[in-house]
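Read the figures in this text as sums done on the coordinates, not as results from a lab. None of the values given here were measured: they were computed from a predicted structure. Here the Cβ positions follow ideal geometry from the backbone for every residue, glycine too, while neighbour counts run over all protein chains shown.
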Amino acid sequence: MSSLEEPLGFDKLPSMNTIDRIQRFSVGACRPKADDMGMGNCWIDGRSCNTSNSCDEDHEEFTGETFPWRRHVRDVSEGEAFNPRATSLSKNRVKLGHVCKSRNWPDQQYSSKRNDRGIRDITNKLLKGIPKFVKIVEVGPRDGLQNEKNIVPTSVKVELIRRLVSSGLSVVEATSFVSPKWVPQLADAKDVMKAVCDLADARLPVLTPNLKVAGAKEVAVFASASESFSKSNINCSIEESLVRYRAVCVAAKEHSIPVRGYVSCVVGCPVEGAIPPSKVAFVAKELYNMGCFEISLGDTIGVGTPGTVVPMLEAVMAVVPAEKLAVHFHDTYGQSLSNILISLQMGISIVDSSVAGLGGCPYAKGASGNVATEDVVYMLNGLGVKTNIDLAKLMLAGDFISDHLGRQSGSKTAVALCRVTTESSKI
Amino acid sequence: MGSRAPKLLHGNGNRSPINKQSTSSAYHYSSNCNPTNQVLRNLPAYVNIVEVGPRDGLQNEKEIVPTAVKVQLIKMLVSSGLNVVEATSFVSPKWVPQLADAKDVMDAIRNVQGARFPVLTPNLKGFEAAISAGAKEVAIFASASESFSKSNINCSIEDSLARFTDVASAAKELSVPVRGYISCVVGCPVEGTVPPSKVAYVAKQLFDMGCSEISLGDTIGVGTPGTVIPMLENVMNVVPLDKLAVHFHDTYGQALSNILTSLQMGISTVDSSVSGLGGCPYAKGASGNVATEDVVYMLNGLGIQTNVDLEKLMLAGGFICKHLKRPPSSKTAVALSSKKANSKL
């Protein structure tokens, strides 16, 4: 809901610089008088245009922090967030941590009109299962970039990976050893791996559909819960792919290289439609049994909602321990954050995402694909879940690659905060 | 008037497992399991969507949208099944020139059946104008943030509540329902975090003065379940659950997860805007309202009834986006339109 009283949007304000905009939101800002339709005078309150900014005693508080967004940006970048576990859930008293400004507000005590315990039970259930720490697996450099039409230079890829690692991401999927015929974007896989081999702070897994594990310290294999998708995507049946991957796992084990398993189409397939949870559980279990240390469940076409995600997770969690599972949601229908939230509530603590939402959906032209890491981190910060990720640094990585690609970030958080920080930096 | 009491589901899964309201099963992946898992157990069986596109969505558009286009949009929204469509606003045209044609819009939709058309009225004069124009339901708006109240409507919260009490009294005399909006329920562009107790205070005031429904707005879209839950807890202590609606902005991409959380807490009325019309005035270029299509998609997937036909809703969205010459800000609409286009090849 927007302001109804003013022309909204900065571009409507004639020649206003940032400071003017800030003052506009502060009391005492200039207002024209009653309009000629006779409907406006009541909201003008008879206050004449006053630029002194001294007519309201509250103004002192505003000048202390000239641009309120600074507070917000500082908060999110330092990982300061409202932590529900720190709150007292007693009626009418909720501590918001340090960011809550105490105001001289009349102490409003209300007698309870409803069952407080009922509300508290619900909120306890909603928050109780959420893990204290979530590991984010960053797939931008591989899953994100592989669909880009224009070849991204190796140096740009390497710089992106470096920036991502410096934001605190502990796992960054660096590239893929698939045939350059299929994925020309990643033809420079070897060069990328060589250039990042000195990065000690993060794990850099590499996708490989077969035994080309040279130079990689960690590999990933890619199965499907949908037979049709398996055949169309990697040209073999699910069983055949599992046979292949067992060989990869054996070879990887001999070299003590961990293997991450991906399952695609875990809630829907572009060919088959809905996918039975039991199928997903079958493939996940196979990958787990062959030695994958982690299984990432992918909603490849982004059709999932909590209604389909929950039964899928229930089925998989019955056969694979929760701590071995990751979720990889696509935001094609805008559903990924709510799917991630429900997954956290079910006890999942590993989330795949892509900086700036890199990576479109190859099955719906123009539609989005990967969920943006910045949006995920924003939500996790708000939930008080630790990630060890610095959102500001992450945004720098996102800005870097978005600038190179010549388009706006696919992350709403990045766009919102970028606008805000752009404004604040003008002060 | 007002929303119907939400029916809570029980563990044996009274909710219809397969989405009944869609016309094309290819578009929907609905839950085919009994919702016995506790994370889905308390969801309402039905959610009422309050469509704010024609007012909240369009009011920020630079180019004036012709009355005929607004009216056609409203009609298409109603035909998709939406039963509450915020039609326009009786504020000064000097402030919101886009809605200067409020009276004409109300005239044109006078005989449209099947939906309620609340209109915004900031004060008694606006209320009177709305009533003479044929409005049968009005909306008022307060803020949980003192600073925002002062900067947005140039008066303190208390003064605004006094003003709205006049509107509410006048409305009561005419048996006209009043919807109360609260802005900045989790964050304010000036103050930052807003204490839940403040939101509860304003909510209670609006409820006591007779509002049939109170819409809690995350004006700048900064909320996450971590801040939404305590805010709702506080408000639910003082206002009955079935009188509450949530109005989340998607500026940070958080709207759907906030809506999901609200549903888990028992909220059963959600505000949204077709094709995500309505930007955020506080972060240029950033998005604002959550897209109705995306909300309906999620609710369909949860097996929650809305009586909204997603395809017809997309037609309405397509219509207005064509006029505005830009793609929808709804990922669902983009994805499904693309899918449809590809399937014709």
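Three principal axis extents of region B:45-187 based on alpha-carbon atoms, in descending order, are 39, 36, 35 Å.
Modelled label positions at A:VAL271 and A:LYS132, each set 7 Å beyond Cα in the direction of Cβ, lie 4.6 nm from each other.
If every alpha-carbon in region A:125-173 counts as one equal scatterer, what log10 I(q)/I(0) does Debye give at q = 0.14, 0.26, 0.27 1/Å? These q points yield log10 I(q)/I(0) values of -0.47, -0.98, -1.02.
Principal axis extents of the C-alpha atoms in region A:157-291 (largest first, rounded to whole Å): 42, 31, 30. Note that region B:94-100 has calculated 3J(HN,Hα) couplings of 5, 7, 10, x, 4, 9, 5 Hz, one per residue in order, obtained from phi through the Karplus relation 6.51 cos²θ - 1.76 cosθ + 1.60 (θ = phi - 60°); glycine and proline are x.
May I ask which of A:LYS194/A:LYS324; B:LYS75/B:LYS325; A:LYS217/A:LYS253 have a Cα-Cα span longer than 18 Å here?
Working: A:LYS194/A:LYS324 29 Å; B:LYS75/B:LYS325 20 Å; A:LYS217/A:LYS253 11 Å.
In this structure, A:LYS194/A:LYS324; B:LYS75/B:LYS325 exceed 18 Å between Cα atoms.
Note on region B:74-147: Cα-only Rg and Dmax are 12.9, 41 Å. List every residue whose amide H lies under 5 Å from the amide H of A:ALA274, counting only residues 5 or more places away in sequence or on a different chain, with H placed 1.01 Å from N in the peptide plane. Those qualifying (amide H under 5 Å, at least 5 residues apart or on another chain) are A:CYS269.
Placing R0 at 45 angstrom, the Cβ-Cβ distance between A:SER237 and A:SER155 gives a FRET efficiency of 0.70 after rounding to 0.05. Its Cα centre serving as origin, region A:283-347 has a Cβ charge dipole (Lys and Arg +1, Asp and Glu -1) of approximately 60 debye.
Cα-Cα over 25 Å: which of B:LYS94/B:LYS172; A:LYS149/B:LYS339; B:LYS94/B:LYS322; A:LYS285/A:LYS393; A:LYS386/B:LYS204? Working shown, then result.
Numbers: B:LYS94/B:LYS172 29 Å; A:LYS149/B:LYS339 21 Å; B:LYS94/B:LYS322 27 Å; A:LYS285/A:LYS393 37 Å; A:LYS386/B:LYS204 35 Å.
Those over the limit are B:LYS94/B:LYS172; B:LYS94/B:LYS322; A:LYS285/A:LYS393; A:LYS386/B:LYS204.
Add -39500 (n - 2.57) for each DSSP H run of 4 or more in chain B, then divide by its residues: what number comes out at 222 nm, to the nearest 500 deg cm²/dmol?
Numbers: 12 runs with 131 residues, N = 345.
Helix-only estimate at 222 nm: -11500 deg cm²/dmol.
In terms of its Cα atoms, chain B spans 54, 44, 39 Å along the principal axes, sorted from long to short.
Short-range pairs are left out: with C-alpha atoms under 8 Å and at least six residues apart, the relative contact order of region B:37-186 is 19 percent. Our analysis of region A:254-390 gives Rg over Rh at 0.96, with the two radii drawn from alpha carbon positions and Rh computed by the Kirkwood formula. Rounded to the nearest 20, the Cβ-based charge dipole of region B:222-342 about its Cα centre (Lys and Arg +1, Asp and Glu -1) stands at 560 debye.
Summarising the amide proton neighbourhood of B:TYR181: residues at separation of 5 or more, or on other chains, whose placed amide H is nearer than 5 Å comprise B:ILE140, B:PHE141, B:ALA142, B:SER215. Counting only the Cα atoms, region B:277-336 fills a convex hull of 89 Å³ per residue.
Applying Stokes-Einstein at 37 °C and 0.692 mPa s to the Kirkwood radius of region B:123-211, computed over alpha-carbon pairs, gives a translational diffusion coefficient of 247 µm² s⁻¹. Each of B:GLY192, B:PHE127, B:VAL295 was scored by the projection of its Cα onto the charge dipole of chain B, and the greatest displacement toward the positive side belongs to B:VAL295; charges sit on the C-beta of Lys, Arg, Asp and Glu.
Beyond 24 Å, what percent of the Cα pairs of region B:195-297 remain? Intermediate values should be presented prior to the final figure.
Details: 1056 of 5253 pairs.
For region B:195-297, the fraction of Cα-Cα distances above 24 Å is 20 percent.
Hydrodynamic radius of region B:249-312 by the Kirkwood approach over all distinct alpha-carbon pairs: 12.3 Å. Couplings 3J(HN,Hα) of region A:218-223, computed from phi: 7, 10, 10, 10, 10, 9 Hz, in residue order, whole Hz [Karplus 6.51 cos²θ - 1.76 cosθ + 1.60, θ = phi - 60°; x for Gly and Pro].
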